[in-house]
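J.: I'd like to ask you about the structure that follows.
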Amino acid sequence: MDIIYEIRRRHLVQKQSISAIAREMGISRPTVRKFLKALKEPKYERVQPISPKLGAFEIYLTHWLEEEAKLPRFRLRTAYRLYEGLQEMGYDGAYDSVQRFVKHWKAMNHGPRLTEAFVPLLFVAGDACQFDWSHEQVELGGVLETVKVAHFRMAYSRQMFVVAYPRETQEMIMDAHNRAFAFFGGVPARLIYDNLKTVVESVFTGKERKFNRRFLCMANHYLFEPVACTPASGWEKGQVENQVGNIREWLFTPLARFATFAELNRWLVTRCKELAQRTHPTQSQRTIASCFADEQPLLRPVTASFDGYVEQMMRVSSTCLVRIDRNRYSVPASAAGQAVSVRSTADQIRIVAHGEVIASHDRGFSRDQLICDPWHYLPILEKKPGALRNGAPFTAWNLPKAIQAVRDRILQQPKGDRAFVELLILAGETGLDALTVACELTLECGIVNAPVVMNELRRLIAPHLPAVEIPVPDGITLTMEPLANCNRYDYLLGSANVH
């Protein structure tokens, strides 16, 4: 700025010509003319040179950025993930070069981003835990699915817990709380939520809310205070909001592949423990795990897990089925036509009648499934044995191979339906293991029919009598044990011929 001042003073005050100023100050005349027009100090922007190592990979990086610009924001890779992708292709340059390229590309194609201001928050140990849902892409059993991931974040220690579900229904959120409190080893004083329909039924002025009744039962069981954020104010639980993005990068990019939800959730628990070894964001000398070790004793102990089911009343159809979420589940034949209570949990369907659980099934999340227990229909077979051949519960019944072989042979015989039904009724009392052994013994002997199987089965289940010694009077005790002599038989035959 001092050079500009000197040039302007000489020309405007001392009336020196441009040539004289250039000659005396040792600069070019175009520079003098430029500085005469300048009123502010010129600013120079440093232009970062293109990395020679990155140059050959720019085409791949540009292609990835263009393709990912078409994806939802939660599927985008960070600059570091792109850097790791280039490393797999042979790039051995620095991460800074990739970061600068990505920043420049986004600025040229999307323009500068506005920064929103927030109020910093402070939490004490054991006080608050934040909750949120996210949708992630996972390959389960070879099929690409969108799973719903429940996120928990202890606000003081930053200890996280995540668990995946096929849906975001109320029974899922209650099961997620059970798992989270078991993982944390206790319950915090408050849990902070969005205004989820499964948590909040009505939003009133300020912080006043009407919480879901079933959700309040869970809160009363664990004795924590539910807190709902102000609408459209996600910064009030900013830690878990930020965790959603981090977890997507750390765990679900690239695509995670598992066979079942159980395997996925076991892996997520392991990763949560591993990520706790990272440095705490505000206590740089400590890890998240060590901070949580201080916080964990301040949590309220869990005395019993909450039975997080959603209940609805239904009537059992004449085919002994109840319909739940477009799937059908079997009920014992004795309950046909009755009103029952159906309790849906995250992984089970329980049917309750007169205060007792009369049926339980693993929950199905596909559509139009028929989930049957063949034993529920056994009383019907006594009156309708012909249903054994084409009845849906029995055609898909995965019986042991020995029983299947015997069944196929018996059904080919006259009145084989009723005969095999009698075997199943007896097996209902003894169990399939005993019937399986009986069928194996029958197949070994080579004569396969219902009476033989029934005889083998009764021999297996017959009680074994203990050996009892019979007392013998002294007067009839043998002093000499008789010897076997077949000649005596011949002698008797001869004497009979004489007479």
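J.: If you check every pair at least six apart or on different chains, which have Cβ atoms under 9 Å apart with a residue in the stretch 1-15 that is basic (Lys, Arg) first and a residue that is surrounded by 12 or more Cβ atoms within 10 Å (Cβ to Cβ) second?
T.: 8/35; 8/36; 8/38; 10/16; 10/20; 10/21; 10/25
J.: So is residue 44 at pLDDT below 85 and among the hydroxyl-bearing types (Ser, Thr, Tyr) or not? Show your work before the answer.
T.: Values: at pLDDT below 85: yes; among the hydroxyl-bearing types (Ser, Thr, Tyr): yes.
Yes; evaluated as a whole, the condition is true for this residue.
J.: Residues in the stretch 418-435: is at least one in contact with a Leu (Cβ under 6 Å, 6 or more places away or on another chain), closer than 30 Å to residue 463 by Cβ and surrounded by fewer than 16 Cβ atoms within 10 Å (Cβ to Cβ)?
T.: yes
J.: Looking at the stretch 187-238 only, could you name the residues that are part of a helix (DSSP H, G or I), surrounded by 15 or more Cβ atoms within 10 Å (Cβ to Cβ) and modelled with pLDDT of 90 or more?
T.: 214, 215, 218, 219, 221, 222
J.: Sort out which residues of the stretch 49-88 are polar (S, T, N, Q) and surrounded by 15 or more Cβ atoms within 10 Å (Cβ to Cβ), and write them in order of number. Give the derivation first.
T.: Residues of the stretch 49-88 polar (S, T, N, Q): 51, 62, 78, 87.
51, 78 - these are the residues of the stretch 49-88 that are polar (S, T, N, Q) and surrounded by 15 or more Cβ atoms within 10 Å (Cβ to Cβ).
J.: Is it the case, given these coordinates, that residue 212 is over 23 Å from the mean Cα position of the chain (by Cα) and among the polar types (S, T, N, Q)?
T.: Criteria met by residue 212.
J.: Among the charged types (D, E, K, R), in contact with a Cys (Cβ under 9 Å, 6 or more places away or on another chain) and within 26 Å of residue 394 (Cβ to Cβ), is that true of residue 429? First the steps, then the outcome.
T.: Values: among the charged types (D, E, K, R): yes; in contact with a Cys (Cβ under 9 Å, 6 or more places away or on another chain): no; within 26 Å of residue 394 (Cβ to Cβ): yes.
The answer is no for residue 429.
J.: What's the number of the condition residue 420 fails, among (1) in contact (Cβ under 8 Å) with a residue 24 or more places away in the chain; (2) under 24 Å from residue 327 (Cβ atoms); (3) aromatic (Phe, Trp, Tyr)?
T.: (2)
J.: Take the residues in the stretch 133-155 that are touching a residue at least 12 places away in the same chain (Cβ under 8 Å) and assigned to a loop (DSSP other than H, G, I, E, B), then tell me which one is surrounded by the fewest Cβ atoms within 10 Å (Cβ to Cβ).
T.: Among them, the one singled out is 141.
J.: Restricting the search to the stretch 198-222, which residues are within 25 Å of residue 299 (Cβ to Cβ) and in contact with a Lys or Arg (Cβ under 6 Å, 6 or more places away or on another chain)?
T.: 200 - this is the single residue of the stretch 198-222 that is within 25 Å of residue 299 (Cβ to Cβ) and in contact with a Lys or Arg (Cβ under 6 Å, 6 or more places away or on another chain).
J.: Of the residues 393, 400, 414, only one is in contact with a strand residue (DSSP E or B) (Cβ under 8 Å, 6 or more places away or on another chain), assigned by TED's automatic domain parsing to the domain that holds residue 382 and of a type outside the set (D, E, K, R); which?
T.: Checking each option against the conditions leaves just 393.
One line per residue, one yes/no per condition, for (1) surrounded by 17 or more Cβ atoms within 10 Å (Cβ to Cβ); (2) closer than 25 Å to residue 221 by Cβ:
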| site | (1), (2) |
| --- | --- |
| 273 | no, no |
| 278 | no, no |
| 282 | no, no |
| 298 | no, yes |
| 304 | no, yes |
| 325 | no, no |
| 373 | yes, no |
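J.: Tell me, yes or no, whether the stretch 425-444 has at least one residue that is modelled with pLDDT of 80 or more and either in a loop (DSSP other than H, G, I, E, B) or more than 22 Å from residue 404 (Cβ to Cβ) (or both). Please lay out each step first, then the result.
T.: The initial filter retains those residues of the stretch 425-444 that are modelled with pLDDT of 80 or more, namely 425-444.
Then drop every residue that is not either in a loop (DSSP other than H, G, I, E, B) or more than 22 Å from residue 404 (Cβ to Cβ) (or both), which leaves 431.
Yes, the stretch 425-444 contains a residue that is modelled with pLDDT of 80 or more and either in a loop (DSSP other than H, G, I, E, B) or more than 22 Å from residue 404 (Cβ to Cβ) (or both).
J.: Let me ask something else about it. Quick check on the stretch 156-213: of everything there that is touching a residue at least 60 places away in the same chain (Cβ under 8 Å) and among the polar types (S, T, N, Q), which residue is nearest to residue 281 (Cα to Cα)?
T.: The extreme case among them is 157.
J.: Listed residues 461, 403; which is under 19 Å from residue 386 (Cα atoms) and either surrounded by 14 or more Cβ atoms within 10 Å (Cβ to Cβ) or at pLDDT below 90 (or both)?
T.: 403
J.: For residue 189, are the conditions met, namely being of a type in the set (Gly, Ala, Ser), closer than 14 Å to residue 239 by Cα and not assigned by TED's automatic domain parsing to the domain that holds residue 63?
T.: no
J.: For the stretch 337-357, give me each residue that is more than 18 Å from residue 325 (Cα to Cα) and either among the polar types (S, T, N, Q) or in contact with a His (Cβ under 9 Å, 6 or more places away or on another chain) (or both).
T.: Across the stretch 337-357, the qualifying residue is only 338.
J.: What residue, of 448, 453, is more than 44 Å from the chain's Cα centre (by Cα), part of a loop (DSSP other than H, G, I, E, B) and either surrounded by 14 or more Cβ atoms within 10 Å (Cβ to Cβ) or in contact (Cβ under 8 Å) with a residue 24 or more places away in the chain (or both)? Even if it seems obvious, please write down each step before you answer.
T.: Working: 453 fails: part of a loop (DSSP other than H, G, I, E, B).
Answer to the check: 448.
J.: Right, here's the next one. For residue 366, all conditions in the list (1) farther than 30 Å from residue 149 by Cβ; (2) of a type outside the set (Lys, Arg); (3) without any contact (Cβ under 8 Å) to a residue 60 or more places away in the chain hold save one; what is the number of the exception?
T.: The one condition residue 366 does not meet is (1).
The values are calculated or read from the model by the stated rules, or taken from the named source; none is laboratory data. Computed from a predicted model, the values in this text were never measured in an experiment. As a convention, Cβ positions derive from the backbone with ideal geometry for all residues, glycine included, and neighbour counts pool all protein chains shown.
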